[in-house]
Amino acid sequence: MLPHSYTVDSQSKSQELASAILASSSPSQISSTCASIESFLHSHSPDHSRHFFSLAFPTLICKLFFGVPDATSSSSKPRLSNGWIDTVISSNDGNSANAVFSLISPSGVLFNSISAVDRLSLVKYVFPIERLPEWARFVLSTSKDARALSDLCPLFKGKLNDDPIKPSSYQIQLNVFEYYLFWFAYYPVCKANSENSDSVSIKRVRKSRLENWTSSIPGLSNSKRGNEQKVECNLYVRLLYAYLRAFVPICDLNAHQPYRSSLLHYTSEYDGSIARRAEFVVNTFIHFWLVDNDFSPLPVNVLKSFGVSFPFRSAFGETPPPASGLGDVVKLFIKYLNLSSATVTEEGVGENVESPRWRASNSGFSDAAKSRDVSTPVHIAGSWNAWIQRPLYRFILRTFLFSPLGTSIKNASEVFDVWVYYMEPWTISWDDFAELNAIVDGSSQSVKKENFRCQGYGHGYTPAWQSYVLSNYLYYSSLVMHFIGFAHKFLHTDVEIVVRMVSKVMNILTSSKELVDLIKNLDTVFHTKQAGSGKSMLGSLCRFVPSIREQLQDWEDGLCESDADGSFLHENWNKDLRLFSDEDDGGQQLLQLFILRAEAEFHAISSDNLAASLKCIDSLKAQVSCLFGGQTVRTLSFSPEAKLCSQSRDDIFKPRRVGNRVLSEIKYKGDWMKRPTSDEEIAWLAKLLVKFSARLNESLGLTQAESSQEGSSWSYVEVSNDVGNVCGPIDTMKVVLCAITSWLLNLGSAVVRLLRNNGVRVNLRMLASKKIVMVLLLSVVFGVLKKACGLFHRV
């Protein structure tokens, strides 16, 4: 039993630390408070530090990330105050950055105490439901199948408990490490949702679904700081890399534990705790960053196996893109995990070309992962690719499909960089992390040579990477098609950037003849009706077709053409591969069309670097010709005579912009009533009128065509034989009113029938025009002023 005086002393000091943490706002105060926390934890054993984690640790998290004293509660109001990380980054102070990093680094005294307290299970926290990923928040707050969340998602396994205060409600209980990591992962999401990360954005399209207090918190990548930020003071990225290195092994578990002696006091025997903690860290970042507001967050076969379904699509309403501003952290996360793919390839796994199904057992959603053999050293890092395949694919795809027109392309370009890194794992080398290694521990060479055996990067694609490409084939085929649609949609936003992005993708696909042959051969096998026929190479690829079809239906679940804002897709686009199709919506035709549009756009802009832009177009033409078999793209003629020609259907794809003026002749492919919002409309009013028009059309039956038999039969009324005489003015008025009402109803029915026969629907969206709204508003103001003046004159 602890001495009473010692317990009181620990409690009082913890309260003093909580007050000191709350009062620290300047870099010097932050450094001093960090030293006080370290001194307290050094002088108290884990049994005696329980009061610190009960009283001071929640306050530390609030000040560390958000700067408000009660941000970790479910009902908090904002206060204009920066967190420690924001203060350190904005001040660019190296001493305070080092002090904070030393406090919460994996090798620091705080994590040593966290490990000891968790081993004794001294403290448990309840994480607010409102701060969970959006899909999990929806399940826990509205769905009757919330109890199944613990079995559906490994991240919440063993953490879902009944709420003792609210009946039929649940709460997420976490230990100290899990509680801290949830807030660490939530921090960039909160920043991304609370500010516009693009400094040149025209408008904010989607408001944050989080609480209003998030709007007061500055962003992770504030545009005011610029690119001159020193990496030493980019504290969050520095911490993220340190946590990945410490908790997520890349090569052999026994070979990669840089903090084994000081962090968790691991023994030399592998007892499974390292793997479980690594899986928890990876799952946390996946669901907070990649999944979050995805309306299909879990694999379809997992939901079917449990017999549950969640109406995410109807609940979320408008399909939102992923949160912007996560590009840097997601890029680092994906690049680090992709080092494991090189490890597997170098150890010979890549030479044994297997079906993509071989990775499914390690994806975290099957029972096979639960029965993992922990008695022998396992290369768990080899399975990281399977963990991120689906969520990363949907993260990239939702960005390409649902990024609204009129916004900056910066966020999409950051996500594009993530996709490029994922497509080229053979170009990722440990040298890419040399600067971060030197910052984290000051000795990158020791980690690079001793803890990693992943050498041989940067040599380009080789046949050893064949298994990687086959298991991620949709990234090299279907996602390319979606990106082409994105490039067409955003070409007018910044033609130079979009052309460079398309050229980069083509350069990756054509970087190696072996890679081109592999992609084209698998596409041929995919569209071959008689599997197994043909060459032996093609026959060996037939076993990949069923898995690719399953991936198409699962990874692109719930997406449709109307949500793609007029992209070049069809209703069955997620059931087929169209990259090498010869039809009008195939990859070759769309790329040729893109080149013609980009070339016309460059000539219309007539910038100073026109020659360099046209040279980039010529390079893109060569890459397209290399990918599709040597067919060249014709060159547009811009002679004066061509401009005087009459309008043709090719004018559909004329540039959206001539100089700084936007053309009004914009051709939209899709439902015209659901077209993207233009600058001449009021966005919120247009959405409201579209919903009202759709409901009105549905109630009037204008969404379905008139049948041939309907309208041919005449309606009649049987009149009883007991008919009295009509006499008196009252009866006469009744007859007249009934006649007028009947005539109006017949007239309305005839109009509806006419509209239905001709396929015409009610479309009130025109009333959302700024000109019409302005006229109506001026009319109302004029009427009110006229009445006011009349009343004034009467007085």
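The values are calculated or read from the model by the stated rules, or taken from the named source; none is laboratory data. Everything numeric in this text was worked out from a predicted model, so none of it was measured. Reconstructed Cβ throughout: ideal geometry from the backbone, glycine too, with neighbour counts over all protein chains shown.
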Checklist line | helices (runs of 4 or more DSSP H) contained in region 94-158 and holding at least 1 residues farther than 24 Å from I274 by Cβ | finding: 94-104, 134-142, 149-152
Item checked: Which listed residue, of F57, F53, F66, is under 23 Å from R238 (Cβ atoms), modelled with pLDDT of 90 or more and not β-branched (V, I, T) -> F57
Notebook entry, point to check: Looking only at residues in region 388-421 that are farther than 24 Å from Q553 by Cα and modelled with pLDDT under 90, which one is nearest to the chain's Cα centre (by Cα)?
Noted result: N411
Next item on the list: Return the total of residues in region 753-781 being more than 43 Å from the chain's Cα centre (by Cα) and within 17 Å of L702 (Cβ to Cβ).
Entry: 2
Next item on the list: Please tell me if V126 is surrounded by fewer than 17 Cβ atoms within 10 Å (Cβ to Cβ) and either modelled with pLDDT of 90 or more or assigned by TED's automatic domain parsing to the domain that holds C153 (or both).
Entry: yes
Item checked: Hits in region 572-629 (condition: crowded, with 18+ Cβ neighbours inside 10 Å, charged (D, E, K, R) and not in a helix (DSSP H, G or I)) -> R578
Next item on the list: Of the conditions (1) of a type outside the set (V, I, T); (2) at pLDDT 80 or above; (3) assigned to a helix (DSSP H, G or I), A369 clears all except one; give me its number.
Entry: (2)
Next item on the list: Please find, among E351, E318, the residue that is surrounded by fewer than 16 Cβ atoms within 10 Å (Cβ to Cβ) and at pLDDT 55 or above.
Entry: E318
Next item on the list: Give the residues of region 135-185 that are free of Cβ contacts under 8 Å to residues at least 40 places away in the same chain and β-branched (V, I, T), sorted by residue number.
Entry: I165
Notebook entry, point to check: Could you list, in sequence order, the residues of region 489-500 that are in a helix (DSSP H, G or I) and either among the basic types (K, R) or surrounded by fewer than 22 Cβ atoms within 10 Å (Cβ to Cβ) (or both)?
Noted result: K489, E496, I497, R500
Note to self: On the basis of being small (G, A, S), crowded, with 22+ Cβ neighbours inside 10 Å, in contact (Cβ under 8 Å) with a residue 12 or more places away in the chain and in a helix (DSSP H, G or I), does A412 make the cut?
What the structure shows: yes
Next item on the list: Would you please name the residue that is nearest to F247 (Cα to Cα), looking only at residues in region 107-122 that are surrounded by 21 or more Cβ atoms within 10 Å (Cβ to Cβ) and not polar (S, T, N, Q)?
Entry: F111
